[in-house]
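A quick write-up on the structure given underneath.
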């Protein structure tokens, strides 16, 4: 983190990728769309704080998750209410499930997929390896994840469960994790072929679930990622992620953004701070490869959102000025942020002169 003040810090008009950036601060009740100068040009209001973010659909509507008061909380990332808002803020769709957490996606078929928590069956829980002993929740329960696909009418048409869709023993948890959760899945994205890619935080692993069989068919684990977030597959077939750098052996912790080839496992592009310790978010955070080839990075814990070139030069930088109550103080943390071009389907014709 380079600075302690908020707002716009850097804007190189010759190299930055022009557009509008969507931000849902984790501890407030609003989603903001800002221009390149950091000015708010549009916003949406919500009944809850986000659980954990929002993004724009191609029809210009906002898909958002809110943190409901009910449901399990074995870890961070609680959601519970999925809503689609029109550009004007009207509710056009919603789905309630107090177990929902972290991520959700509108699918190419018009359905919606989301992550949820569930108690692992006793036999499956006994097969969980690793983590600190005797750190299950107060009732001795280990919580697993499920993926659920629902229709616009709320009907469940597909599910996947960590306790039945993978070989549990082959995925031990990090030694410094607790046993309250098996894996703590924090991201899901739909691949071009309809399969799903997910991120398992508690063992620094990215995996692909084959939709037709509901089985895990590929995975890549790298402890140097330090319990990553926000994996996406790029058009070149590589995978981009935010490597948090938590509990990584050797020296001062720091975060990285990593692009790697899933076939070879080789890192083909990496961003880190200069010096490395100036860029560090041990939790949350995200990354987006922009249409210009630059990369938008959300250093989530600090509410810092910045754009870098392929050579790592910072060409746009903004720190969220919206704070809300958190752990006895205030926080401006942001789970993810997204940039949209003025002529994109999401923005075009919806903002005055655009």
* residue 45-residue 92 FRET efficiency (beta carbon distance; Förster radius 25 Å; 0.05 resolution) -> 0.95
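For n ≥ 4 DSSP H runs only, could you compute -39500 (n - 2.57) per run for the chain, divide by its residues and tell me the 222 nm figure to the nearest 500? Numbers along the way, then the final one.
Working: 1 runs with 4 residues, N = 354.
For the chain, the value works out to 0 deg cm²/dmol.
How much length would be gained if the chain were fully extended between residue 267 and residue 345, taking 0.36 nm per residue of separation minus their Cα-Cα distance, in nm to one decimal?
On the way: separation 78, 0.36 × 78 = 28.08 nm, distance 3.21 nm.
Here the answer is 24.9 nm.
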* Can you grab the distance from the C-alpha centre of region 226-296 to the C-alpha centre of region 119-195, Å, no decimals? => 23
* Structure fact -> Per its Cα gyration tensor (rounded if a/c is under 1.5, else prolate when a/b beats b/c, else oblate), region 9-144 is best filed as prolate
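Let me make sure I get this right: for region 152-239, a, b and c are the square roots of the gyration tensor eigenvalues over alpha carbons, sorted descending. Under 1.5 in a/c it's rounded, otherwise prolate if a/b > b/c, else oblate. Which is it? Before the final figure, lay out each step's value.
On the way: a/c = 1.84, a/b = 1.27, b/c = 1.44.
The shape class here is oblate.
Nearest 0.05, what FRET efficiency do residue 313 and residue 108 give at R0 = 41 Å with Cβ-Cβ as r? Intermediate values should be presented prior to the final figure.
On the way: r = 35 Å, r/R0 = 0.85.
It comes out at approximately 0.70.
Of all DSSP beta bridges located in region 99-251, what percent are antiparallel, nearest 5?
On the way: 37 of 39 bridges.
DSSP beta bridges in region 99-251 are roughly 95 percent antiparallel.
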* Asked: Rounded, prolate or oblate: which fits region 99-251, taking a ≥ b ≥ c as square roots of the Cα gyration tensor eigenvalues, rounded meaning a/c under 1.5, else prolate when a/b beats b/c?
  -> oblate
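Quick one: which of 86-95, 243-252 comes out on top by average Cβ neighbours within 10 Å, and what's the full order, highest first? Could the numbers behind the result be given before it?
On the way: 86-95: 13.2, 243-252: 15.9.
Per-residue Cβ counts within 10 Å, averaged per peptide and sorted highest first, yield 243-252, 86-95.
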* Which distance in nm do the two modelled labels at residue 11 and residue 221 give, with both placed 7 Å along the Cα-to-Cβ direction? -> 4.6
* Pick from 108, 177, 65: which is most flexible by mean-square fluctuation in a GNM of the chain where alpha carbon atoms under 10 Å apart are linked? -> 108
* To do: Residues in region 70-92, backbone N under 17 Å from the label point at residue 132 (7 Å along the Cα-to-beta-carbon vector): list them, ranges by number please.
  => 74-76
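Laboratory data are not the source of any read-out in this text; all were calculated from the coordinates shown. Predicted, not measured: the structure shown is a model, and the values here were computed from it. Cβ coordinates were reconstructed from backbone atoms using ideal geometry, including for glycine residues, and neighbour counts include every protein chain displayed.
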